[in-house]
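A.B. asks: Dropping the structure in here first, questions after.
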Amino acid sequence: MRKPSPEQPISLLNRRGFLIGAGAAGVASGAAINEAYTQIANGPDYTLRIAPLRLELAPNKIIQTYGYNGSVPGPLLRLREGRPVSIDIHNDTDIDDIIHWHGLYVPSPADGAMEEGSPMVEPGTTRRYTFAPRPTGTRWYHSHDVAGKDLTRSLYSGMYGFLIVEPTSDAGRYDREVLLAAHHWEGSWVSMQDLRKGLPPDNGLEVLYASASFNDKMLGHGEPIRVREGERVLFRVLNASPTENINIALAGHRFTVIALDGNPVPSPRTVDTLFLAPAERVDVVVEMNRPGVWIFGGIKDDDRKMGLGVVVEYANQSGEPQWLPPPNSQWDYTIFGGNGPAPSPDERLELTFEKVPGGHGGYNRWTINGKSWPDTNPLFTTLVGKRYRIAMNNKSGDNHPVHLHRHTFEITKVGDKTTSGVMKDTINMTRYSTVEFDFVANDPGPTLLHCHHQDHQDEGFMGLMTYL
Ligand SMILES: [Cu+2]
């Protein structure tokens, strides 16, 4: 039995083994099933229990949601690179659910996406996932269920948590580690035409949120992050929001970006603000060199008002938390890139994303090369060992954080800027923009590519890459 990490105890609710396999074998096939699921005699290393949760974001703000083991985020899973781990998922709700291991190389049957052949976890049952965690870095896990119109399910809920894969030798140069997961709450479907004039009149419903948090509290509630002058603090920041970008700053301080989506960047740079689309992670080191009580939160006043932020308090300092507008809020992936071009790909594939407007009061649909899921199965087919360049064109006025499961890709172009060496699993496409990335087809099995906006993926923005 693995010892729970000291930061956040993991409740091991059930030491009994469960027999898995019959249900899984019906959905997935091939040798991977034996890697993904083993007949179980022993207890799991970890158990995640999906259950309803009453989340107190602030004294007057109680959210009824779902979560893992009674906390938001769920328990921190700190795993060792390559050391097999078994995790039992127990579903104590009345609907099927599923957990995806985001940013990890996990065989399709255990990756936690039903479109890849991973089985759902039915109400009242337990499924065991066994895999060797890799690659190292800041990963996360979350529900990969369909939410549709239901704004309480999947990514709209509290069903997410950090999963950190530690290298076999750790070379961290920091004094303190702080994990922050941003999320938006209390979504409702609205017609933007009713709120703002000037939008395309044929646009469909969008989700608008009433509150936001860093971890389980709105800004100004809960305990501050306590630091000391002279410390170097590693912040691992995750945007776990279902659909919203976050643009954040720590008043009076700068961030040295050392990793994007958990992968070290070739050129660490110091910046004033961070921008994360849904599902993105940024690891930053902050030199604590300006004693005071500061706000770490959204750069827009409205974002902080709805709760997006947390207070950072130096030892022996007191008073009202201070906010200072950051001098510069540009965000550009390419400044973290390396020198020289990326290797040439074996093949280039083009993906065009378009919106089918739902009209006032209707739901928008999304297409990839003119088709919506499930007609995007397969989206394209790959050969093991080949390097592919995916050239993506966002022909819509919306942002799309595009996520590729089970692989890491290298950004090669953003707009007309070429770059190399920035490795990610999710890339944000701003409105009417183009990006290109390369990946090596080195993890056979059906693999999802989709927009990480819950409403976009539910409305067709998803495709399946397959291996020949
Ligand atoms: Cu999208």
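The values are calculated or read from the model by the stated rules, or taken from the named source; none is laboratory data. Here the structure is a predicted model, which is why all the values come from computation and not from measurement. Counting neighbours? That spans all protein chains shown, and the Cβs are built from the backbone with ideal geometry, glycine included. To get the accessible areas, we keep the full protein, side chains included, count just its heavy atoms, and leave off ligands, DNA and RNA. Shrake-Rupley method; radii C 1.70, N 1.55, O 1.52, S 1.80 Å.
A.B. asks: Counting just the residues of the range 376-402 that are within 16 Å of the ligand (Cβ to nearest atom) and either under 12 Å from residue 465 (Cα atoms) or among the aliphatic types (A, V, I, L, M) (or both), which one comes out surrounded by the most Cβ atoms within 10 Å (Cβ to Cβ)?
C.D. replies: Residue satisfying both the conditions and the ranking: 402.
A.B. asks: If you don't mind, there's one more thing I want to ask. Just give me the residues in the range 458-468 being within 16 Å of the ligand (Cβ to nearest atom) and crowded, with 23+ Cβ neighbours inside 10 Å, in sequence order.
C.D. replies: 458, 461, 462, 463
A.B. asks: Another one. If you scan the range 294-315, which residues turn out to be open to solvent by 10 Å² or more (accessible area, probe 1.4 Å) and touching a residue at least 24 places away in the same chain (Cβ under 8 Å)?
C.D. replies: Within the range 294-315, the first condition is being open to solvent by 10 Å² or more (accessible area, probe 1.4 Å), and the residues that meet it are 294-295, 299-306, 310-311, 313, 315.
Matches in the range 294-315: 294, 295, 299, 300, 303, 304, 306, 310, 311, 313, 315.
A.B. asks: Among the listed residues 149, 217, 197, identify the single one that is open to solvent by 40 Å² or more (accessible area, probe 1.4 Å) and free of Cβ contacts under 8 Å to residues at least 24 places away in the same chain.
C.D. replies: 197
A.B. asks: Quick one: which of 373, 366 is within 16 Å of the ligand (Cβ to nearest atom), in a loop (DSSP other than H, G, I, E, B), in contact (Cβ under 8 Å) with a residue 60 or more places away in the chain and hydrophobic (A, V, I, L, M, F, W, C)?
C.D. replies: Result of the check over 373, 366: 373.
A.B. asks: List every residue pair whose Cβ atoms sit under 6 Å apart, with the two residues 6 or more apart in sequence or on different chains, where the first one lies in the range 320-344 and is over 18 Å from residue 411 (Cα atoms) and touching a residue at least 60 places away in the same chain (Cβ under 8 Å) and the second, anywhere, is among the aromatic types (Phe, Trp, Tyr) and surrounded by 14 or more Cβ atoms within 10 Å (Cβ to Cβ).
C.D. replies: 322/294
A.B. asks: For the range 409-435, what are the residues that are open to solvent by less than 30 Å² (accessible area, probe 1.4 Å) and either within 24 Å of residue 460 (Cα to Cα) or within 16 Å of the ligand (Cβ to nearest atom) (or both)?
C.D. replies: 409, 424, 425, 426, 427, 428, 429, 433, 435
A.B. asks: Right, something else. Could you name every one of the strands (runs of 3 or more DSSP E) located completely within the range 1-89 that has at least 1 residues being open to solvent by 30 Å² or more (accessible area, probe 1.4 Å), farther than 16 Å from residue 133 by Cβ and at pLDDT 95 or above? So that I can check it myself, show each step before the final result.
C.D. replies: Working: elements: 46-58, 61-68, 77-80.
Filter on the range 1-89 gives 46-58, 61-68.
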